[in-house]
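Chemist: Just dropping this structure here.
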Amino acid sequence: MRAFESARAGGVVDTAVGMPKSREEMYEFYEFIRKQTRDAESREGGGLEFPAGYMFKDVPHWEEGELDDPVAWLIAELDRHGITQAIVHVEDEDGQRAVREHPDRFFAGINIDPNDGMDAVRKIARYAKEWDLKCVGAFPAGLYPQVALNDKKFFPIYAKCIEVDVTFASTVGVPGPRIPFTPQHVEFLDEICWFFPELRFVTRHGCEPWTALAVKLLLKWPNLYYSTTAFAPKHYPKDIVDYANTRGADKVMFSGYFPAGLSYDRQFAELPDIPFRDNVWPKFLRENAQRAFKLPSTPAAG
Amino acid sequence: MAMPSDVGIIDLMIGLPVADRRHNYDFLRAQLHDKESLEEFEFPVQYMFKDVPKVEEKSDPVAYLLELMDHYNIEKGMIGASKVGDAAYRAMKDHPDRFFGSMQVDPNAGMDGVRDLVRAYEEVGVKAATAFPAGLNPQVAINDKKFYPLYAKCIELDIPICVCAGVPGPRVPMAPQRVELIDEVCWYFPELKFVTRHGCEPWADLAVKLMLKWPNLYYSTSAFAPKHYPKDIINYANTRGADKIMYAGYFPMGLSLERIFTDMPGVPFRDHVWPKFLRENAIRVFKLDE
């Protein structure tokens, strides 16, 4: 507990932060997932405003008109929890404003879709030129059509990330939304890390249920990292916590799921109960993310 | 129908003559299994090529080649470098008016291969990448993911890639060079200028279908003596494909220029096709006027 608090006082990095949006906007946003679902509950949306809503009981939400300045709102929320650096999407106007106005606080990320072919490659090049781009993200199971992580369509994307020296982050493991999991199988990471040893690859969304394999691969491939996105701390896989406490102290990093599915109140209420060893906490909360995404290391926050 | 004599020919495959070629094909040996190829052949396809050009030891292979090119009215030749700094690489640097370069790529090299291509482009202005999928060790199919970063890079550099397609002569498996694999590549990379080498046989009819379908797919006649040019290809050049078929030779690898240009006038191209075939298509596709 004391180790957690003192590590937190040195600053926390969240590598996947969304801009708060109203319920209506989020419902529209998730259309890309809904169109690939086939079960009535997901399709009609009624029960599941959020396509993985059957798992997430307290999704943060705002009504329309409640958010006149999402950036200010987000900063207040980050301050309240001691989060000193956050990667946000700069395809989003609010995300752009956040990075421009608060360059020490917010860092630029984008998402890509390999179905766009060379346009996706050029998008990375363009954003890398215009922004100090830190992260190229993907959601292979959510693409339309789906694209497996080791599919040839991803290969030019990986090559471009290496060329512009930007970290790639992807959801890996069974996806929450009721769409096929195949494109996100953990075993695909092996081939990618073999062919592109220079690529810094950060997994998102848990790698479940193949966390034992994820640990084997994290051990095998120096540039492969794990981030805890979309998992409430009380659900962190035991394999991952054990690995962080042993040989993987430099490989596992905190990332939240705000505001998509988890509140920071929930996450920071549960975090102190994770049985990380004292030396792991500062690495987990901050240092590993700074290294994996090439973020500046921060002076201790006040 | 007569072959014109006043067209400065562009040869899309020519090499510096080297007398001692015993080690030129070492790269193939690891994948050859038959005794004849391993023990008896100096050139792995000599069962097909009866008169592989004999090259005498010349003090200056570049001067010798230029002399031959003058004799056959070859204005420019594309020579291939397989690594940064080799003899071909130097020749293209020293004689930019007569030679333009291509860079041989191996997708097995991953990002290092991509970077070598960029370097060759920046240092000597190579006009194309080239690849021999069945000759790689391990082999890499035309539509294999390992090729994709190279295809993307060719698009970024705006240069074509010339790839052997069809059954390879050396006795290695043909699978990586099936013509049908080109379809997927042209679909995913519509901007990629893809030029086939070495005939596309026996799927020349499929090659024609695909050339019609994909605007950026082209065919070059490397490694074929003109008397063996596939009939499908000649017909296509004479009809809808006049802008798609380009001359490439095979000297000194397997055919003498004498053989090639003795056969050549016998090819029944229509009048308007000849200049496109010998010169104009290459200038356009390889951007030789820039």
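Chemist: Identify the residue in the range B:155-175 that is within 20 Å of residue A:156 (Cβ to Cβ) and in contact with a helix residue (DSSP H, G or I) (Cβ under 8 Å, 6 or more places away or on another chain) and, among all such residues, is nearest to the other protein chains (Cβ to nearest Cβ). So that I can check it myself, show each step before the final result.
Modeler: Initial filter on the range B:155-175 (within 20 Å of residue A:156 (Cβ to Cβ)): B:155-163.
Then drop every residue that is not in contact with a helix residue (DSSP H, G or I) (Cβ under 8 Å, 6 or more places away or on another chain), which leaves B:155-157, B:159-161, B:163.
Values: B:155: 6, B:156: 8, B:157: 12, B:159: 14, B:160: 15, B:161: 14, B:163: 16 Å.
So, considering only residues that are within 20 Å of residue A:156 (Cβ to Cβ) and in contact with a helix residue (DSSP H, G or I) (Cβ under 8 Å, 6 or more places away or on another chain), the one nearest to the other protein chains (Cβ to nearest Cβ) is B:155.
Chemist: Report, by residue number, each residue of the range A:116-165 that is within 14 Å of chain B (Cβ to nearest Cβ) and of a type in the set (Val, Ile, Thr). Break it down stepwise before answering.
Modeler: Looking only at the range A:116-165, we keep the residues that are within 14 Å of chain B (Cβ to nearest Cβ), and these are A:116-126, A:128-129, A:145, A:147-165.
Within the range A:116-165, A:121, A:124, A:147, A:157, A:162, A:164 qualify.
Chemist: Assess whether residue A:176 counts as being in contact with a helix residue (DSSP H, G or I) (Cβ under 9 Å, 6 or more places away or on another chain), assigned to a loop (DSSP other than H, G, I, E, B) and either of a type outside the set (Ser, Thr, Tyr) or crowded, with 17+ Cβ neighbours inside 10 Å (or both).
Modeler: Numbers: in contact with a helix residue (DSSP H, G or I) (Cβ under 9 Å, 6 or more places away or on another chain): no; assigned to a loop (DSSP other than H, G, I, E, B): yes; either of a type outside the set (Ser, Thr, Tyr) or crowded, with 17+ Cβ neighbours inside 10 Å (or both): yes.
Judged against the criteria, residue A:176 is not a match.
Chemist: Among the numbered criteria (1) away from every other protein chain (no Cβ under 14 Å); (2) closer than 30 Å to residue A:131 by Cα, which one does residue A:198 miss?
Modeler: It is condition (1) that residue A:198 fails.
Here is a yes/no grid of residues against (1) among the charged types (D, E, K, R); (2) more than 21 Å from residue A:32 (Cβ to Cβ):
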{"site": "A:56", "(1), (2)": "no, no"}
{"site": "A:82", "(1), (2)": "no, yes"}
{"site": "A:88", "(1), (2)": "no, no"}
{"site": "A:100", "(1), (2)": "yes, yes"}
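Chemist: Please go through the range B:21-33 and give me each residue that is exposed (fewer than 12 other Cβ atoms within 10 Å of the Cβ) and either outside any loop (DSSP other than H, G, I, E, B) or touching a residue at least 12 places away in the same chain (Cβ under 8 Å) (or both), ordered by number. Write out each step before concluding.
Modeler: Of the range B:21-33, the ones exposed (fewer than 12 other Cβ atoms within 10 Å of the Cβ) are B:22-23, B:26, B:30, B:33.
B:22, B:26, B:30, B:33, listed by residue number.
Chemist: Taking residue B:232 as meeting all but one of (1) over 17 Å from residue B:74 (Cβ atoms); (2) touching a Ser or Thr at 6+ places or on another chain (Cβ under 8 Å), write down the number of the exception.
Modeler: (2)
Chemist: How many of the residues in the range A:179-191 are out of contact with any helix residue (DSSP H, G or I) (no Cβ under 6 Å at 6 or more places or on another chain) and either buried (at least 23 other Cβ atoms within 10 Å of the Cβ) or assigned to a loop (DSSP other than H, G, I, E, B) (or both)?
Modeler: Of the residues in that region, 4 qualify.
Chemist: Considering every residue within the range A:102-113, establish whether at least one is of a type in the set (S, T, N, Q), assigned to a helix (DSSP H, G or I), at pLDDT 85 or above and over 19 Å from residue A:267 (Cα atoms). Explain how you work it out, then say what you get.
Modeler: If we filter the range A:102-113 for residues that are of a type in the set (S, T, N, Q), which is where we start, we get A:111.
When the remaining residues are screened for being assigned to a helix (DSSP H, G or I), the result is none.
There is no residue in the range A:102-113 that is of a type in the set (S, T, N, Q), assigned to a helix (DSSP H, G or I), at pLDDT 85 or above and over 19 Å from residue A:267 (Cα atoms).
Chemist: Output the residues belonging to the range B:207-230 that are touching a residue at least 12 places away in the same chain (Cβ under 8 Å) and of a type in the set (Lys, Arg).
Modeler: Of everything in the range B:207-230, those that are touching a residue at least 12 places away in the same chain (Cβ under 8 Å) and of a type in the set (Lys, Arg) turn out to be B:213, B:227.
Chemist: On to the next question. Among the residues of the range B:124-146, which ones are in a helix (DSSP H, G or I) and either free of Cβ contacts under 8 Å to residues at least 24 places away in the same chain or more than 8 Å from chain A (Cβ to nearest Cβ) (or both)?
Modeler: B:124, B:133, B:134, B:135, B:145
Chemist: Could you figure out which of (1) in contact (Cβ under 8 Å) with a residue 60 or more places away in the chain; (2) within 24 Å of residue B:161 (Cβ to Cβ); (3) within 19 Å of the chain's Cα centre (by Cα) isn't true of residue B:53?
Modeler: So the condition that residue B:53 fails would be (2).
Chemist: Could you tell me which of the residues A:112, A:192 is closer than 20 Å to residue A:252 by Cβ, out of contact with any Leu (no Cβ under 6 Å at 6 or more places or on another chain), within 14 Å of chain B (Cβ to nearest Cβ) and in contact (Cβ under 8 Å) with a residue 24 or more places away in the chain?
Modeler: When all the criteria are applied, what remains is A:192.
The values are calculated or read from the model by the stated rules, or taken from the named source; none is laboratory data. Quick caveat, the model's predicted, so the values are computed rather than measured. Methodologically, a virtual Cβ is constructed for each residue, glycine included, from the backbone with ideal geometry; neighbour enumeration extends over all protein chains shown.
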